[in-house]
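Contents: one structure, followed by commentary.
The values are calculated or read from the model by the stated rules, or taken from the named source; none is laboratory data. Worth saying up front: this structure is predicted, and the values here are computed from it rather than measured. FYI the Cβ positions are ideal-geometry reconstructions off the backbone, even for glycines, and counts take in every protein chain you see. Accessible surface areas use protein heavy atoms only, side chains included; no ligands, DNA or RNA. Shrake-Rupley method; radii C 1.70, N 1.55, O 1.52, S 1.80 Å.
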Amino acid sequence: MLHWIFLTFFSFVAAGFSAPESDPRQANQANTKGNTTAVSATPTPTPKPTHAPTPPPTPDEEEEQEIRRNHRFLGEPARASAPAQTRMFIGQEIPVATHYTAPRIVPQADGSYVVQPATPSAFETRRTGVTIDGAGFEETRIEGFIDYGSPIRTAVPIYNEKGEIIGTAIQEHPNPILQPVFKTIRKE
């Protein structure tokens, strides 16, 4: 019933506010009499289109429309087709190093050395968090790290007060190669 009220109201409002249209051929015709020129600008009324109201749906049609709306609301397909598989991920993606360049010891002109530890050169991302799908959920988290690197040892000369080498000392430089340990729990 409310539908009919709005439809009737808007059709009357639209009909009342429409401007009359004129035929551009008639407006531009000139009547010539002697030396004076008169332009006829009398618009011709155009017939207004009439909209036939659509009949109200029968109770069976209303029921079927309600069922279709509910199916769309619940995410169920209205037609008989296979349901779409949905996955949702809540968490973050963490870059994990997969390749490292070898550590280097670079001699300098003054006789000292620069130690460059192993450096990550390639990465891949791992997801940590919760993934939910129709079959269940999966939780992945970082348990800790394993250090696969070993310290870089260099021999450093030891000098006396006169500047003479009296021996060598071993100096250790850190060379961490940390790899995360992931734990995944799946529940179905």
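The heavy atoms of Lys187 offer some 110 square angstrom of accessible surface to a 1.4 angstrom probe. Model label points for Lys187 and Thr86, set 7 angstrom from Cα along the Cα-to-Cβ axis, are 2.0 nm apart.
Distance between the 7 Å Cα→Cβ label points at Arg68 and Gln171: 8.1 nm. If r is the Cβ-Cβ distance from Arg153 to Ile94 and R0 is 41 Å, what FRET efficiency results, to the nearest 0.05? E between Arg153 and Ile94, to the nearest 0.05, is 0.80. Take each peptide in 105-115, 171-181, count the other Cβ atoms within 10 Å of every residue, and average; sorted highest first, the result is 171-181, 105-115.
Extension gain, Glu164 to Ser121: 0.36 nm times the residue separation minus the Cα-Cα distance gives 11.3 nm.
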